[in-house]
1. Hey, rough spin-label estimate for Cys102 and Gln39, points 7 angstrom out along Cα→Cβ, what's it come to in nanometres?
2. Suppose R0 equals 22 Å. What FRET efficiency, 1/(1 + (r/R0)^6) with r the Cβ-Cβ distance, do Val5 and Glu89 give to the nearest 0.05?
3. Calculate, in nm to one decimal, what Gln13 and Asp31 gain on full extension: separation in residues at 0.36 nm each, minus their alpha carbon distance.
4. What is the ratio of the Cα radius of gyration of the stretch 50-98 to 2.2 N^0.38 Å, with N the residue count, to two decimals?
5. Using a probe radius of 1.4 Å on heavy atoms only, what accessible surface per residue do you get for the chain? Whole Å² is fine.
6. Please report the relative contact order for the stretch 13-122, taking Cα pairs under 8 Å with a sequence separation of at least 6, and give it as a percent rounded to a whole number.
7. Heavy atoms only, probe 1.4 Å: what % of the accessible area of the chain goes to carbon and sulfur, would you let me know?
8. Enumerate the residues in the stretch 41-83 having an amide nitrogen under 17 Å from the point lying 7 Å beyond the Cα of Thr119 toward its Cβ.
Amino acid sequence: QLQLVESGGGLVQPGGSLRLSCTTTGASLDDYPIAWFRQAPGKEREEVSCISSRATMTDYADSVKGRFTISKNFAENTVYLQMNSLNAEDTAVYYCAANGVCGSKYYKYDYWGQGIQVTVSS
């Protein structure tokens, strides 16, 4: 049983940075692709970024490309999402998810973290 726990959310000013963490237990991290999703009020949950099981491939939504970086630290069993140049449109609840396919909708993923709030505001 794979379990995922997010951390690192909070309030940040526009233009600032934040790093989200997704710590996994119960299975080998290199067995699963990991995706970060976000959901803002009134909007569908969308994939922000994804990293392949062995971290040989990464992908990003157009809205965050060049600003966000996803990575895996296998020794720490943790997936990170470094978020730079944040703006108000990045405000959402962020989730990490596993056992899907990069580029898929949220309902195709089997394992989810609890979600963490990211608020970008002055």
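1. 2.4
2. On the way: r = 26 Å, r/R0 = 1.18.
It comes out at approximately 0.25.
3. Numbers: separation 18, 0.36 × 18 = 6.48 nm, distance 3.59 nm.
Once the chain is fully extended between Gln13 and Asp31, it gains 2.9 nm.
4. On the way: Rg = 11.5 Å, N = 49, 2.2 N^0.38 = 9.7 Å.
So the stretch 50-98 has a normalised radius of gyration of 1.20.
5. Details: 6130 Å² over 122 residues.
Result: 50 Å² per residue.
6. Numbers: 244 pairs, mean separation 37.0, N = 110.
Dividing the mean separation by the residue count of the stretch 13-122 yields 34 percent.
7. Values: 2760 of 6130 Å².
C and S fraction of accessible area: 45 percent.
8. Counting only backbone N, you get 41-42.
The values are calculated or read from the model by the stated rules, or taken from the named source; none is laboratory data. Just so it is clear, the structure is predicted and the values come from calculations on it, not from any experiment. In this analysis, Cβ positions are derived from the backbone assuming ideal geometry, glycine residues included, and neighbour counts consider all displayed protein chains. Surface accessibility is based on the protein's heavy atoms, side chains included, excluding ligands, DNA and RNA. Shrake-Rupley method; radii C 1.70, N 1.55, O 1.52, S 1.80 Å.
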